[in-house]
Amino acid sequence: MNLKQALAEKKKLTKKQLDLFKGSYDIVGTIAILEIPQELVKKEKLIAETVLAQHKQVKTVVKKVGIHHGELRLQKVKILAGEKTKETTHTESKTRLKLHIEKVYFSVRLSTERLRIAQQIKPGERILVMFSGCAPYPCVFAKNSPAKEIYGIELNEEGHRYGLENIKLNKIKNVKLLQGDVRTVVPKLMKTEQPFDRVVMPLPRDASDFLDTALSSVKNQGIIHFYDFVQEGEFPKASIAKIETACKKARCSFNVLNTVKCGSYAPRRFRVCIDFEIVW
Ligand SMILES: C[S@@+](CC[C@H](N)C(=O)[O-])C[C@H]1O[C@@H](n2cnc3c(N)ncnc32)[C@H](O)[C@@H]1O
């Protein structure tokens, strides 16, 4: 029985209230994350208790307060029921990820996307993950691909600290995490490192501002995974146009390998990824 059916069955919510409620939620480790519309605030504890009763693995139920905000893309939440903690350990693709849901960005909805890229990685590849957060991309790649070496760069100090913990938690030896702004960290890194085989850019809101940095770190015939948000009808041409502008400036050409929709962000607005190969 899904949540809406459970709420309807015991007449916990009226038909009108049920129509206002989406009924879908994310489960990160032991924490269920709900979206409660303003009109249902008086029913939020009851909804949360119902979620708690429905899932043995859920120990805490929270609701989102506002939306992801700021440079660090953080999301505030309020605890509604269960244990009073915002820290948990989530498992995806043979990888354990410890995180505080308010202190670092993390989305369970990107697990398929992380695995999609992991499955493209060839033996011996060296990879750079810009905007690595608590290191879900680096850790999933390390556990599910034959990559030789993976670098992750994250601005958020708390997120970086969880990333370091996650490397230990998963006994990973081929991931190196650096804390700081990719704009300053990448140029320093490239003084000692060879250009990378693959660069991943999971910052869809602003990724085009960082395409120059990504291009400066990728080798000839290397691949960039560029995330973007686009309006329905503009996919994939709006994102490819951004890539074209950046490549022209950097004096390289490119071949688009894949264009994928990997989530919806708002009505008729999609999170997309363009995989493209660079030719210097
Ligand atoms: C959308 S989140 C993705 C995090 C992680 N890759 C994941 O999938 O869970 C983008 C991340 O980029 C980080 N960030 C934003 N600007 C940055 C910059 N200039 N340099 C490094 N990291 C940055 C944010 O702190 C945030 O953790």
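Tabulated data for the structure shown
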{"item": "The chain: relative contact order in percent, alpha carbon pairs under 8 Å with at least 6 residues between", "result": "11"}
{"item": "Degrees separating the helix 44-54 axis from the principal Cα axis of the chain, which is the longest one", "result": "80"}
{"item": "Residue exposure sequence - D197, D209 - by fewest surrounding Cβ within 10 Å", "result": "D209, D197"}
{"item": "Ranked M190, M1, criterion: other C-beta atoms within 10 Å, fewest first", "result": "M1, M190"}
{"item": "19 Å Cα-Cα reach of K4 towards lysines, excluding residues that sit fewer than 8 places from it in its own chain", "result": "K12, K15, K16, K22, K42, K43, K45, K56, K63, K64"}
{"item": "Full-stretch length increase - K219, I27 - with 0.36 nm per residue and alpha-carbon distance subtracted", "result": "65.3 nm"}
{"item": "Pair E244, K191: separation of 7 Å Cα→Cβ label points (nm)", "result": "3.8"}
{"item": "Distance between region 1-61 and region 234-280 - C-alpha centres, whole angstrom", "result": "37"}
{"item": "Label-to-label distance, nm, for residues given as E49 and H69 (7 Å Cα→Cβ offset)", "result": "3.1"}
{"item": "Cubic angstrom per residue, convex hull over Cα atoms of region 3-85", "result": "91"}
{"item": "For region 3-85: relative contact order, % (alpha-carbon pairs under 8 angstrom, 6 or more apart)", "result": "25"}
{"item": "Theoretical FRET efficiency, 1/(1+(r/R0)^6), r = Cβ-Cβ of E83 and D206, R0 30 Å, to 0.05", "result": "0.30"}
{"item": "Relative pair counts by distance (%), Cα atoms of the chain, 5 Å bins", "result": "1, 5, 12, 15, 17, 15, 12, 9, 6, 4, 2, 1, 0"}
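Read-outs: derived from the displayed coordinates by stated rules, not from any lab. As the structure is a prediction and not an experimental result, all values here were calculated from the model. Glycine also receives a Cβ, built like all others from the backbone with ideal geometry; neighbour counts cover every protein chain displayed.
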